[in-house]
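Read the structure below first, then the notes.
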Amino acid sequence: MRRAQEIREPIGTMDIIYNMVLGLLSIFIVSAVLYLAFLRFRSKRKLSAPKDTVILYQIGRGPRSPSISPFPLKLETFLRMNKIPYMNDHSARFSYKGKTPWIEYNGLPIADSQLSIEFLKRERNIDPNLHLSAEDKAIARGFLKLTEENLYWTMCLEMFGDNLEPIKTVIPYRGLKLWFTVKMLRFLIGLETWGHGIGRHNKEEVWLIAVDDMTAISNFLGDKKFLMGDQPSEVDCALFGMLIQIILHMPGSRHEKYIKEHLPNLVNYCDRMREKFWPDWQSRILEGEGYTNDHGHLYFVENIPEPNGNTYDQKKTN
């Protein structure tokens with residue numbers, strides 16, 4: 001009888017490849033986790049904010065838009081729309097959920113852009129959708145989800161596909177940091193889109209989804225000033241944050257070309273949002289004239305109540 005240790009199955013080529021892939025995948029995941037941890041904890045010095053002031057944690061300004069991500073821009077536009085006192089922390093610290101952007105309000109951290117908005121609406125008793133009917137609110141929510149849960153992923157797959165050169169002109173890093181960030185984001189987006197389901201489609205199928213989404217937004221917007229009418233509402237923050245990325249931060253992409261050639265009302269819509277809520281746009285983009293770093297700058301200081309009735313002194317936060 002042959003000894004048990006002598007009876008072995010031959011190791012096939014696919015087994016070797018599979019084990020190599022698992023090994024490389026493990027190394028990449030560990031590296032990504034360590035890098036995210038570094039970003040989260042590298043800034044130990046916290047900003048000092050007055051009571052009832054939002055500290056908005058985000059990854060820093062972008063070259064042609066105030067953020068390279070739609071979600072920080074959505075959240076900051078919401079703060080501006082409702083004139084909520086806030087200051088930016090551009091240290092790229094991640095939340096306890098490992099997400100960004102996030103906010104801190106009177107010492108309480110709130111992760112996720114939409115959860116932050118819902119929290120602030122309750123905490124400050126504000127409703128930017130007060131002028132909308134129940135039916136309008138349902139429609140607005142539908143477009144919010146279409147934009148953030150569908151169109152967004154088509155944008156990610158477009159920018160982190162075969163050609164990574166365009167995204168390298170958008171991410172404001174250089175050298176090894178840029179290389180690692182792009183590779184890490186591409187890997188994570190691949191995992192997330194596969195789990196979402198949209199990443200299982202081929203390129204043309206994903207592109208058709210993008211066209212249908214952008215066209216639906218354009219058709220519903222029509223000639224209106226804002227998505228739901230003449231008055232802006234909460235959903236406009238999300239749409240503006242997403243569409244302006246296509247227009248300014250997706251150079252040479254099919255998304256950018258399609259909007260500019262076939263859906264000009266979306267370009268005009270973004271111009272209106274920018275003029276209304278971002279009069280300081282040029283000073284809040286890295287390539288703008290007169291750019292200044294607004295890390296720690298207090299916005300809407302006039303809306304911070306002082307016990308003595310005076311205007312809050314911005315120098316207190318410096």
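Does segment 82-90 include one or more residues that are of a type in the set (Val, Ile, Thr), in contact with a Pro (Cβ under 8 Å, 6 or more places away or on another chain), buried (at least 16 other Cβ atoms within 10 Å of the Cβ) and touching a residue at least 40 places away in the same chain (Cβ under 8 Å)?
Scanning segment 82-90, I find no residue that is of a type in the set (Val, Ile, Thr), in contact with a Pro (Cβ under 8 Å, 6 or more places away or on another chain), buried (at least 16 other Cβ atoms within 10 Å of the Cβ) and touching a residue at least 40 places away in the same chain (Cβ under 8 Å), so the answer is no.
Restricting the search to segment 263-296, which residues are outside any helix (DSSP H, G or I) and surrounded by fewer than 16 Cβ atoms within 10 Å (Cβ to Cβ)? Break it down into steps so the answer makes sense when it comes.
Just the residues of segment 263-296 that are outside any helix (DSSP H, G or I), to begin with: 263, 278-280, 285-296.
Scanning segment 263-296 gives Pro279, Asp280, Leu286, Glu287, Glu289, Gly290, Tyr291, Thr292, Asn293, His295.
Yes or no: segment 163-171 includes at least one residue that is surrounded by fewer than 21 Cβ atoms within 10 Å (Cβ to Cβ) and either at positive phi or of a type in the set (Ser, Thr, Tyr) (or both).
Among the residues of segment 163-171, at least one is surrounded by fewer than 21 Cβ atoms within 10 Å (Cβ to Cβ) and either at positive phi or of a type in the set (Ser, Thr, Tyr) (or both), which makes the answer yes.
Do you know which residues across segment 163-177 are more than 28 Å from Leu208 (Cβ to Cβ) and touching a residue at least 12 places away in the same chain (Cβ under 8 Å)?
Listed by number, the list holds a single entry, Pro172.
Taking the conditions exactly as written (in contact with a Cys (Cβ under 7 Å, 6 or more places away or on another chain) and surrounded by 16 or more Cβ atoms within 10 Å (Cβ to Cβ)), does Ile247 satisfy them or not?
Numbers: in contact with a Cys (Cβ under 7 Å, 6 or more places away or on another chain): yes; surrounded by 16 or more Cβ atoms within 10 Å (Cβ to Cβ): yes.
Considered against the rule, which asks whether it is in contact with a Cys (Cβ under 7 Å, 6 or more places away or on another chain) and surrounded by 16 or more Cβ atoms within 10 Å (Cβ to Cβ), Ile247 comes out as yes.
Suppose the filter is loosely packed, with under 15 Cβ neighbours inside 10 Å and either at pLDDT 95 or above or in a helix (DSSP H, G or I) (or both); does Glu256 pass it?
Against the criterion (loosely packed, with under 15 Cβ neighbours inside 10 Å and either at pLDDT 95 or above or in a helix (DSSP H, G or I) (or both)), Glu256 does not qualify.
Only one of Phe160, Phe180, Phe143, Phe119 is in the same structural domain as Glu76 (by TED's automatic domain parsing) and either touching a residue at least 40 places away in the same chain (Cβ under 8 Å) or not β-branched (Val, Ile, Thr) (or both). Can you tell me which?
Phe119
What is the number of the single condition among (1) touching a Lys or Arg at 6+ places or on another chain (Cβ under 8 Å); (2) of a type outside the set (Lys, Arg); (3) in a helix (DSSP H, G or I); (4) at pLDDT 55 or above that Phe71 does not meet?
Unmet for Phe71, out of (1) touching a Lys or Arg at 6+ places or on another chain (Cβ under 8 Å); (2) of a type outside the set (Lys, Arg); (3) in a helix (DSSP H, G or I); (4) at pLDDT 55 or above: (1).
Would you point out which residue out of Ile209, Ile217 is touching a helix residue (DSSP H, G or I) at 6+ places or on another chain (Cβ under 9 Å), closer than 18 Å to Arg141 by Cβ and in a helix (DSSP H, G or I)?
Matching residue, one of Ile209, Ile217: Ile217.
Kindly evaluate Met214 against the criterion of being modelled with pLDDT under 95 and under 30 Å from Glu118 (Cβ atoms).
When the stated conditions are applied, Met214 does not pass them.
Note down all Cβ pairs under 6 Å where the first residue falls in segment 98-115 and is aliphatic (A, V, I, L, M), the second is at pLDDT below 95 and surrounded by 17 or more Cβ atoms within 10 Å (Cβ to Cβ), and they're at least six residues apart or on different chains.
Correct list of pairs: Ala111/Ser95.
When segment 98-145 is examined, which residues are found to be charged (D, E, K, R), under 16 Å from Pro72 (Cα atoms) and part of a loop (DSSP other than H, G, I, E, B)?
Filtering segment 98-145 down to residues charged (D, E, K, R) leaves 99, 104, 112, 118, 121-124, 127, 135-137, 141, 145.
Add one more test, that the residue is under 16 Å from Pro72 (Cα atoms), and what stays is 99, 104, 112, 118.
Result: Lys99, Asp112.
Given the structure, is Leu151 in a helix (DSSP H, G or I), under 18 Å from the mean Cα position of the chain (by Cα), touching a residue at least 40 places away in the same chain (Cβ under 8 Å) and surrounded by 21 or more Cβ atoms within 10 Å (Cβ to Cβ)?
Yes; evaluated as a whole, the condition is true for this residue.
Restricting segment 172-229 to residues that are within 19 Å of the chain's Cα centre (by Cα) and hydroxyl-bearing (Ser, Thr, Tyr), which is nearest to Leu146 (Cα to Cα)?
Step by step, filter segment 172-229, then rank; the result is Thr193.
The values are calculated or read from the model by the stated rules, or taken from the named source; none is laboratory data. Here the structure is a predicted model, which is why all the values come from computation and not from measurement. With ideal geometry, Cβ positions are generated from the backbone for all residues, glycine too; neighbour counts draw on all protein chains shown.
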